[in-house]
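Remarks on the structure that follows.
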Amino acid sequence: MSRQFKAARLNIKMTTAEACEKLGIAQPTLSAWENEKKTPSVEAIERMADLYGVSTDYLLGRPAF
């Protein structure tokens, strides 16, 4: 899952600091999500999907059919 979080952010060329500001979270929180140390809430995954322009399924690593 974390691989998709970081890939989606990097795909739109957004820095960690920019993502954190727009998501309203601290940088250590995003880092923990991207490094699989913590799991974001459903609401946080939805906000990331909206911000990064991807589906929640993509962020969760579900294959597209």
_Over the chain, what is the relative contact order in percent, taking alpha-carbon pairs closer than 8 angstrom and at least six residues apart?_
41
*May I ask you to give the percent of accessible area on the chain that is carbon plus sulfur, with a probe radius of 1.4 Å?*
49
_Farthest toward positive dipole pole in the chain [+1 Lys/Arg, -1 Asp/Glu at C-beta], among 41, 58, 23_ = 58
*Using a simple charge model, +1 on the beta-carbon of Lys and Arg, -1 on the beta-carbon of Asp and Glu, nothing else, what dipole does the chain show about its Cα centre, in debye to the nearest 20?*
200
*For residue 38, enumerate residues with amide H under 5 Å from its amide H, sequence gap 5+ or separate chain, H modeled in the peptide plane.*
33
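The values are calculated or read from the model by the stated rules, or taken from the named source; none is laboratory data. Because the structure is a prediction, the values reported are computed rather than measured. A quick note on method: Cβ atoms are made from the backbone with ideal geometry, for glycine too, and the neighbour counts reach across all protein chains shown. SASA here: full protein model, heavy atoms, side chains in, ligands and nucleic acids out. Shrake-Rupley method; radii C 1.70, N 1.55, O 1.52, S 1.80 Å.
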